[in-house]
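The structure under discussion appears below in the form of structure tokens.
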Amino acid sequence: MLLDRLKDMSYEELEVLARDIREKIVRVVLENGGHLASNLGTVELTIALYRVFDPRRDVIVWDTGHQCYTHKILTGRDKDFHNLRKFGGISGFPTPKESPLDWFGTGHSGTSIAAALGFEKAFALLGEARSVVVVIGDGALTSGEALEALNQVKNLNSKIKIVLNDNEMSISKNVGGIAYHLSMLRTNSVYLKGKELLKKILEKTDVGMEIEEEMRSWRNGLKGIVQGVNVFESLGIKYFGPFDGHNIKLLENVFKRIKDYDYPVLVHVVTKKGKGFPPAEEDPVSYHSVTVGNAGRHTYSELFGRVLVRMAEEDERIVAVTAAMEDGTGLKPFKERFPKRFFDLGITEQTCVTFGAALGLAGFKPVVAVYSSFLQRAYDQIVHDVALQRAPVLLAVDRAGVVGEDGPTHHGLFDLNFLLSIPNIRILSPSSPQEFADTIYTVLRNLEGPTVVRYPREYFEDDIETVLQNMKEISLRWNIVRRGKGVALVSVGTLLREVLSVVEILGEDISVVSALQVKPVDREELRWLAEEHNLVFTVEESTKIGGFGSYLGQLLSEMGWKGRIVNVGVEDHFVPQGNREELLKVLGLDAKGLFEVVSAYFPREKTRRGKHEDQPRGWRS
């Protein structure tokens, strides 16, 4: 693997390697999609780090994981890199099942320091001497778990080495006190002039490192005079930097020196997000994550942002809250239109939910926009701060269901399950762009308590302006799309389209229900379902255990219903990466898969009498 050749390469050869890696990342990501700007910023950093630390023995944890592409290329996955994020290909994030050199699986921000402390303690108990290194971005450093772990470094007598990759960004521009502190460390001109003298020495010889160590007291005094308290050193972590994150020789010398220090160290390196690819350098937000093949189509996130702006123009009590995801959640237009009513609290999902609860209790209409997989981090706040107090908060749960190429760390397959068990919450799952817009419109005109609106990472071709013009207040009940006898298919969310395809092919007198309001279930609708049907199929884009199907089955059972319910959803396993369409097919949640399940309950000859009689035979082959 390339890792074995690194230490024998000249600095000129390393520069060529960095260029080749950068070109490979750009080529593959522009074809497959993926995280581009963040990975282009860590090429030289990774090379320098692996010249000093060996990931076969030394524990190296890449926080969030969206900066690990160079790591993957260097550690044996160079030949498979063209399959990045494809179904059956290599993951866009570190995952131990893919390689033992991916020490810890990361896909959510802020987990690295806690994991590193755990690894360090484990090897200390085993009597093994290994270096433990964290590479964490300045955005991830704002997350609660990262700050909690930093607070434990001294308490655990840790010697971990933290590489702070500072590019002034998470996905959006960083906010908050930590970001401000780093900017002071990064930009103070008096201090940097003094640092530049040391840097020139460091680049040349190991003797320079000895000089740097001897001058440490002078440097610390200078920092104290110029910059005041360093938050890392106040926590017992020795701070070095800032250093140029694209200077391989300089970084290698720094890493060599700190490798065997008998105390915890933070090395502050400054990198440029999108380095080497001009479009990404100029617009790192747009090129943070690249999506391919959907030109001219719209997302529910985009529609959400447009609807919210329209509603906020009519109601000044509407405010928006996000966790460093103003672009990802579609809130950028809201921020531009209503900057005083927009709150980006950094990577702090817990804080966002509690903050929203207080806004709601104070008379506002807070909308907390968050990805389904990230909402998992705020479960206690939803229970304790929102639901228990009946706080009027709209949780806009983006990326609900199968997400796609980002894989198991990002699929939104659990939110419905963990939300169903919480009292006082209304859960809504619209089936189309128009119904989604109408639902947001209706909820915000009548927000009286905890409300969840779930929507997928799905593309559509509907004209957004037309959707907005047709937006109206609707009844938030089940939508009975077809009334039949004996058999009913109850669908949650946008899978309604697949369900209707199945019913059309079967040609049977089947009821079709779109369960817009997942919870609470209207008793009148439930009674109709029980009285008119003895076989009910539920279809949901979430895990079956504890999902809508089991919830509906429980309600029907409590009514004394004697019929049969068949729950169709995601089985008890994590779903791999792949595009949304192929994953729905693999999971049996596309029209073909649903037909296989439903048609098994009908006599074979009857399913072939409809106008599409040739299709079932072809599908079943």
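Checked against (1) of a type outside the set (Gly, Ala, Ser); (2) surrounded by fewer than 18 Cβ atoms within 10 Å (Cβ to Cβ); (3) closer than 28 Å to Gly328 by Cβ, Arg5 passes all but a single condition, namely (3). Of the residues making up segment 540-559, those that are charged (D, E, K, R) and free of Cβ contacts under 8 Å to residues at least 60 places away in the same chain are Lys544, Glu558. Quick one: in segment 151-176, which of the residues that are touching a helix residue (DSSP H, G or I) at 6+ places or on another chain (Cβ under 6 Å) and at pLDDT below 95 is nearest to Glu120 (Cα to Cα)? If we take residues in segment 151-176 being touching a helix residue (DSSP H, G or I) at 6+ places or on another chain (Cβ under 6 Å) and at pLDDT below 95, then Asp166 is nearest to Glu120 (Cα to Cα).
List pairs: first residue in segment 312-338 and in contact (Cβ under 8 Å) with a residue 40 or more places away in the chain and farther than 14 Å from Ile440 by Cβ, second residue assigned to a loop (DSSP other than H, G, I, E, B) and of a type in the set (S, T, N, Q) anywhere in the structure, Cβ distance under 6 angstrom, at least six positions apart or on different chains. What qualifies is Thr322/Thr329; Ala323/Thr348; Ala324/Ser170; Ala324/Ser172; Glu326/Ser172; Asp327/Ser172.
Identify, from the list Val52, Val61, the residue that is closer than 22 Å to Asp8 by Cα and touching a residue at least 24 places away in the same chain (Cβ under 8 Å). Show your work before the answer.
Numbers: Val61 fails: closer than 22 Å to Asp8 by Cα.
Only one candidate qualifies: Val52.
Look through Val568, Val513, Val521 and report the one residue that is in contact with a Leu (Cβ under 9 Å, 6 or more places away or on another chain), closer than 30 Å to Thr291 by Cβ and either at pLDDT below 95 or of a type in the set (A, V, I, L, M) (or both).
One residue alone meets the criteria, Val568.
On inspection, Asp102 does not qualify as in contact with an Asp or Glu (Cβ under 6 Å, 6 or more places away or on another chain) and of a type in the set (Asp, Glu).
The residue that is farthest from the chain's Cα centre (by Cα), counting only those in segment 525-545 that are surrounded by fewer than 17 Cβ atoms within 10 Å (Cβ to Cβ) and not in a helix (DSSP H, G or I), is Asn534. How about segment 551-587: which of its residues are assigned to a helix (DSSP H, G or I), touching a helix residue (DSSP H, G or I) at 6+ places or on another chain (Cβ under 9 Å) and closer than 27 Å to Arg399 by Cα? Tyr551, Leu552, Leu584, Lys585, Val586 - these are the residues of segment 551-587 that are assigned to a helix (DSSP H, G or I), touching a helix residue (DSSP H, G or I) at 6+ places or on another chain (Cβ under 9 Å) and closer than 27 Å to Arg399 by Cα. Evaluating Gly274 against the criteria (1) assigned by TED's automatic domain parsing to the domain that holds Gly41; (2) crowded, with 16+ Cβ neighbours inside 10 Å; (3) out of contact with any Gly (no Cβ under 8 Å at 6 or more places or on another chain) leaves one unmet condition, (3).
Which count do you get for residues in segment 486-510 that are at positive phi and either modelled with pLDDT of 95 or more or buried (at least 20 other Cβ atoms within 10 Å of the Cβ) (or both)?
At the first step, the residues of segment 486-510 found to be at positive phi are 486, 493, 507.
Now drop any that are not either modelled with pLDDT of 95 or more or buried (at least 20 other Cβ atoms within 10 Å of the Cβ) (or both), which leaves 493.
The number of residues fulfilling the criteria is 1.
Within segment 400-442, which residues are more than 26 Å from Arg580 (Cβ to Cβ) and touching a strand residue (DSSP E or B) at 6+ places or on another chain (Cβ under 8 Å)? Once the filter is applied, which keeps residues that are more than 26 Å from Arg580 (Cβ to Cβ) and touching a strand residue (DSSP E or B) at 6+ places or on another chain (Cβ under 8 Å), segment 400-442 yields Ile425, Arg426.
Filter segment 348-370 for residues that are outside any loop (DSSP other than H, G, I, E, B) and among the hydroxyl-bearing types (Ser, Thr, Tyr); which is nearest to the chain's Cα centre (by Cα)?
First, pick out the residues of segment 348-370 that are outside any loop (DSSP other than H, G, I, E, B): 349-361, 365-370.
Subset that is among the hydroxyl-bearing types (Ser, Thr, Tyr): 351, 354.
Values: Thr351: 17, Thr354: 20 Å.
My answer is Thr351.
Looking only at segment 330-347, residues that are in a loop (DSSP other than H, G, I, E, B) and buried (at least 22 other Cβ atoms within 10 Å of the Cβ) come to 4 in all. For segment 379-390, the criterion of being touching a strand residue (DSSP E or B) at 6+ places or on another chain (Cβ under 7 Å), farther than 22 Å from Leu587 by Cα and of a type outside the set (S, T, N, Q) is met by none of the residues.
Filtering segment 553-570 to residues that are over 27 Å from the mean Cα position of the chain (by Cα) and either buried (at least 23 other Cβ atoms within 10 Å of the Cβ) or of a type in the set (Ser, Thr, Tyr) (or both) leaves only Ser557. Evaluating Leu156 against the criteria (1) more than 19 Å from the chain's Cα centre (by Cα); (2) of a type in the set (A, V, I, L, M); (3) under 23 Å from Asp4 (Cα atoms) leaves one unmet condition, (3).
For segment 281-307, taking the residues that are surrounded by 17 or more Cβ atoms within 10 Å (Cβ to Cβ) and not in a helix (DSSP H, G or I), the one that is farthest from the chain's Cα centre (by Cα) is identified as His298.
For segment 338-354, a residue qualifies if it is of a type in the set (Ser, Thr, Tyr) and in contact with a Gly (Cβ under 9 Å, 6 or more places away or on another chain), and the qualifying residues are Thr348, Thr351. In the set (1) in contact with an Asp or Glu (Cβ under 6 Å, 6 or more places away or on another chain); (2) touching a residue at least 60 places away in the same chain (Cβ under 8 Å), the condition left unmet by Phe537 is number (1).
Take Lys195 and tell me if it is part of a helix (DSSP H, G or I) and modelled with pLDDT under 95. So Lys195 passes the test. Summed over segment 560-604, the residues that are farther than 15 Å from Thr538 by Cα, without any contact (Cβ under 8 Å) to a residue 40 or more places away in the chain and charged (D, E, K, R) give a count of 6.
Going through segment 474-520 one residue at a time, which ones are of a type outside the set (A, V, I, L, M) and part of a strand (DSSP E or B)? Give the derivation first.
To start, the set of residues in segment 474-520 that are of a type outside the set (A, V, I, L, M) comprises 475, 477-479, 482-486, 491, 493-494, 497-498, 501, 504, 507-509, 511, 514, 517, 519-520.
Selection gives Asn479, Arg482, Gly486, Ser491, Ser511, Ser514, Gln517, Lys519.
Can you tell me which residues in segment 1-37 are without any contact (Cβ under 8 Å) to a residue 40 or more places away in the chain and basic (Lys, Arg)? Result: Arg5, Arg27.
The values are calculated or read from the model by the stated rules, or taken from the named source; none is laboratory data. Worth saying up front: this structure is predicted, and the values here are computed from it rather than measured. Using ideal geometry, Cβ is built from the backbone for each residue, glycine included, and neighbour counts are taken over all protein chains shown.
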